[in-house]
Amino acid sequence: MKRILIVEDEIPISRVLSAYLEKHGFATYQAYTIEQASMLFDRESIDLVLLDVLLPDGTGWDFLQNIRTHSPCPIIMLTALGEVPDRLRGLQSGADDYMSKPFVAEEVVARIQAVLRRPTRLLNEIDARHFGKLRIHPQERQIFLHNEEVPLTPKDRALLLFLAKHPNQIFNREQLLGHVWGMDYFGSDRAVDLAIKRIRHVLKKWPKSEGEIRTIRGMGYEFHVETN
Ligand code: CA
């Protein structure tokens, strides 16, 4: 079942889209802000994003650019009727298609199916990321150290992928829980510490001169890499 992330702050539109897509066999996730959209995108394996332009905490263009730094996930922009400059901008900045609001539900499904049938784009551009001996394939969610795949549970892997996506950026436990475990997680912060411990263990052959997961006292954790 294909998973569609609907990023739209007009709740009635979002609901109609969600109900219609689910009726056609898609699983849907609804985000009303860019922050929610980012969390869901990081956490779930999203197959396609429907993206509104004007959102309460920013524009769809910013979110689109952010996704394109690490993912070829197809994106269909939802633009207001007649926004020609926006359409051009959408296609130039990496959107796969656009639809003008108001749209008919049949068109939405037809366009989604058409975009999903296309061969995956941009894969080469976001290929592997190399951090010395550590190699990360964000799209395939694979991590190799000295050319051997690193054994990690799905959650630990998701945490490492998330940290590696934002090198040299500090995240506190609460942020990591939100991004990796999800907002509905009620367990303890300790889950983060334990996961970090396991990740460090499997990465112990990663030369410190290339990078490491650092504990920043009183602040959180950082995927630290040497930049030069
Ligand atoms: Ca809007």
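The values are calculated or read from the model by the stated rules, or taken from the named source; none is laboratory data. Since the model is a prediction, treat every value here as computed from it, not as a measurement. Here the Cβ is made from the backbone with ideal geometry for all residues, glycine too, and neighbour counts use every protein chain on show. For the accessible areas, the whole protein counts, side chains as well, though only heavy atoms, and no ligand, DNA or RNA atoms are used. Shrake-Rupley method; radii C 1.70, N 1.55, O 1.52, S 1.80 Å.
Values computed for the structure shown
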{"quantity": "Cut-off under 5 Å, modelled amide H: who pairs with Q30 long-range", "calculated": "I6"}
{"quantity": "Chain lengthening between H137 and S209 when straightened (0.36 nm per residue, less Cα-Cα)", "calculated": "23.8 nm"}
{"quantity": "For region 129-224, diffusion coefficient by Stokes-Einstein and Kirkwood Rh (Cα), 10 °C, 1.306 mPa s, µm²/s", "calculated": "118"}
{"quantity": "The chain, helix-only ellipticity at 222 nm - DSSP H runs n ≥ 4, -39,500 (n - 2.57), divided by all residues, nearest 500", "calculated": "-11000 deg cm²/dmol"}
{"quantity": "Per-residue ³J(HN,Hα) for region 163-176, Karplus 6.51 cos²θ - 1.76 cosθ + 1.60, θ = phi - 60°, Hz, x for Gly and Pro", "calculated": "4, 5, 6, 10, x, 6, 10, 8, 10, 7, 4, 4, 5, 5"}
{"quantity": "Positive minus negative residues near R15 (Lys, Arg vs Asp, Glu; Cβ under 13 Å)", "calculated": "-3"}
{"quantity": "Dimensionless Rg/Rh of the chain - Kirkwood Rh, Rg from C-alpha atoms", "calculated": "1.00"}
{"quantity": "Surface accessible to a 1.4 Å probe, T69 within the full protein complex, Å²", "calculated": "90"}
{"quantity": "Rounded accessible area of I216 (nearest 10 Å², 1.4 Å probe)", "calculated": "40"}
{"quantity": "Cβ-based charge dipole, the chain, positive-most Cα from T215, I67, H166", "calculated": "T215"}
{"quantity": "Alpha-carbon centroid distance for the pair region 94-115 / region 146-177, whole angstrom", "calculated": "34"}
{"quantity": "Net charge of Cβ neighbours under 13 Å - reference L160; Lys, Arg +1; Asp, Glu -1", "calculated": "+4"}
{"quantity": "Residues T59 and I11, FRET efficiency given R0 of 22 Å [Cβ-Cβ distance, rounded to 0.05]", "calculated": "0.70"}
{"quantity": "Mean separation of Cα contacts under 8 Å, 6 or more apart, over the residue count of region 3-117: relative contact order %", "calculated": "23"}
{"quantity": "For region 3-117: rounded, prolate or oblate by the Cα gyration tensor [a/c cutoff 1.5]", "calculated": "rounded"}
{"quantity": "Integer Hz, Karplus 6.51/-1.76/1.60 couplings in order for region 195-203, x for Gly and Pro", "calculated": "5, 4, 4, 5, 5, 4, 4, 6, 9"}
{"quantity": "Amide H contacts of L152 (H built 1.01 Å from N, under 5 Å, at least 5 apart or other chain)", "calculated": "none"}
{"quantity": "Percent RCO, i.e. relative contact order, over the chain, from Cα pairs under 8 Å lying at least 6 residues apart", "calculated": "15"}
{"quantity": "Residue with peak Gaussian network fluctuation, the chain [Cα springs, cutoff 10 Å], from Y98, Y29, Y185", "calculated": "Y185"}
